[in-house]
1. Exactly one of (1) within 16 Å of ligand 2 (Cβ to nearest atom); (2) within 20 Å of A387 (Cα to Cα) is unmet by D49. Its number?
2. Which of (1) more than 16 Å from ligand 2 (Cβ to nearest atom); (2) open to solvent by less than 20 Å² (accessible area, probe 1.4 Å) is the odd one out, the single condition L339 does not satisfy?
3. Checking S129 against (1) more than 10 Å from ligand 1 (Cβ to nearest atom); (2) in contact (Cβ under 8 Å) with a residue 24 or more places away in the chain; (3) of a type in the set (S, T, Y), only one condition comes out false. Which one?
4. Among the residues of segment 294-317, which ones are open to solvent by less than 30 Å² (accessible area, probe 1.4 Å) and either acidic (D, E) or within 16 Å of V218 (Cα to Cα) (or both)?
5. Report every pair of residues separated by at least 6 positions or lying on different chains whose Cβ atoms are under 9 Å apart, first residue within segment 301-326 and of a type in the set (S, T, Y), second in a loop (DSSP other than H, G, I, E, B).
6. Can you run down the residue pairs with Cβ atoms below 9 Å, 6 or more apart or on separate chains, where the first is in segment 191-209 and touching a residue at least 40 places away in the same chain (Cβ under 8 Å) and the partner is of a type in the set (S, T, Y) and not in a strand (DSSP E or B)?
7. So which residues in segment 147-181 are within 12 Å of the chain's Cα centre (by Cα), more than 10 Å from ligand 1 (Cβ to nearest atom), at pLDDT below 95 and not aliphatic (A, V, I, L, M)?
Amino acid sequence: MNLPEAVSAIFRQKFGQPPAFIARAPGRVNLLGEHVDYNDGFVLPTAIDRATFVAFSPAKNDQTTLWAVDFDQQAIFSPETLEAKTGLDGAPLPDWARYPAGVMWALRQAGLETPALNAVFASNVPRGSGLSSSASVEMAFGVAWQTLGGWSLPPMELAKLGQRAENHYVGVNCGIMDQFASACGIENRLLLLDCRSLEWEALALPESVSIVVADTTVRRKLTSGEYNNRRAACEEAVRHLQTHLPGIRSLRDVSPDDFNRLSAQLPTQTEKRARHVVEEIARTQQAISLLRSGDLTGFGALMNACHVSLRDLYEVSCAELDAMVEVAQSLPGCYGARLTGAGFGGCTVNLVAREHAETFAQTLAEGYRARTGLAPEIYISKASAGAHLL
Ligand code: ADP
Ligand code: MG
């Protein structure tokens, strides 16, 4: 049984009727532009063909009942308990329920109707591995409430409200990229987002390549602290650089040449963090023209350079990610390989010639297992459509 069928069947068991609707929202993988979204940079994600599915119907009263298949848990809340982040029983909502409840909260704050619903949901986006399972949950519920609420928002607006939910309700300081990619994905396209203006466009991905996602199965630990102190280092660098470049608002405004001229006055660690960001923004811009001219070798080389920078300057890699990338880069057909997502475990993303993709995936799994003793999960992924109703 596939996932939409499974959530539908479980819905029928729990609520005694088939669901009225099923919403789907994908995870995402970022090809280039890592740790630059919160520095106003450019990112190049794509929605993947793994997704969260929500089977739902309007509820008869004002109680929203959610069943999370992957946690085998239920949560019930109402508009009255939403602000306190508790269920009807007064107990704090479980962590997983804060994502959909946060979406309801953010939508209501924006003045949008969020009729109570009964829902069963499940996902094949692995959790906490850098493929944005949280945004896929948020955007699937965004579509669910849009369907029942009788309003309609452009996908980017839904993405912004999802980010608001995650920032202010769940309490995770994420940028806009994850919700954006999950909401705005287009089949067979990469998405280019300017994180400052939020303007975006779709770029064709040549048919001759596959995106291969390789999960180290190592899960990140202690990352919110690491993430927050990297954000703080970027802000600190901007404050230092502003004494010479008063017009800058973020590292986006600093050219590599200006950075090289002024970097000596930054504290060592701050310099490394900021250098990654400045150079990564330049790499992403270069990558866009390479992609437009079909230069996959050049594009892949920038992905490889990005990994080195994340490993040595931003220091968000780990032994398993490095092993996965090194094995990948030695294999035939691999244009580029790098860690993707926040780091410290999770996944790598690989750009691979389509005719090599199957062999690449198999050989990569064997090579990684030989190096680490761990059994990885490798997916040959397709760029997929953003959140929608089935
Ligand atoms: P990711 O990088 O995968 O987005 P996060 O830590 O941001 O990792 O989000 C993971 C959290 O999102 C999970 O711990 C859970 O609370 C929620 N979540 C993700 N997928 C599901 C799911 N299938 N069912 C319920 N909650 C989920
Ligand atoms: Mg997330």
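1. Evaluating D49 over (1) within 16 Å of ligand 2 (Cβ to nearest atom); (2) within 20 Å of A387 (Cα to Cα) leaves (1) as the failure.
2. Single failed check for L339: (1).
3. (1)
4. Filtering segment 294-317 for residues open to solvent by less than 30 Å² (accessible area, probe 1.4 Å) gives 296, 298-300, 302-303, 306-307, 309-310, 314, 316-317.
Those that are open to solvent by less than 30 Å² (accessible area, probe 1.4 Å) and either acidic (D, E) or within 16 Å of V218 (Cα to Cα) (or both): V316, S317.
5. S309/E34; Y314/E34; Y314/H35; Y314/G343; S317/G343; S317/F344
6. Cβ pairs passing all conditions: L192/T284; C195/Y38; R196/S250.
7. G175
Condition check ((1) away from ligand 1 (no atom under 11 Å from the Cβ); (2) under 17 Å from F53 (Cα atoms); (3) touching a helix residue (DSSP H, G or I) at 6+ places or on another chain (Cβ under 9 Å); (4) touching a residue at least 40 places away in the same chain (Cβ under 8 Å)) across all residues:
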site: D72; (1), (2), (3), (4): no, yes, no, no
site: P79; (1), (2), (3), (4): yes, no, yes, no
site: E83; (1), (2), (3), (4): yes, no, yes, no
site: T86; (1), (2), (3), (4): yes, no, no, no
site: G90; (1), (2), (3), (4): yes, no, yes, no
site: R108; (1), (2), (3), (4): yes, no, yes, no
site: A140; (1), (2), (3), (4): no, yes, yes, yes
site: W145; (1), (2), (3), (4): yes, yes, yes, yes
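The values are calculated or read from the model by the stated rules, or taken from the named source; none is laboratory data. Just so you know, these numbers come straight off a predicted model, no measurement behind them. Glycine gets a Cβ as well: all are built from the backbone with ideal geometry, and neighbour counts include every protein chain shown. Heads up: the accessible areas ignore ligands, DNA and RNA and are worked out on the full protein's heavy atoms, side chains in. Shrake-Rupley method; radii C 1.70, N 1.55, O 1.52, S 1.80 Å.
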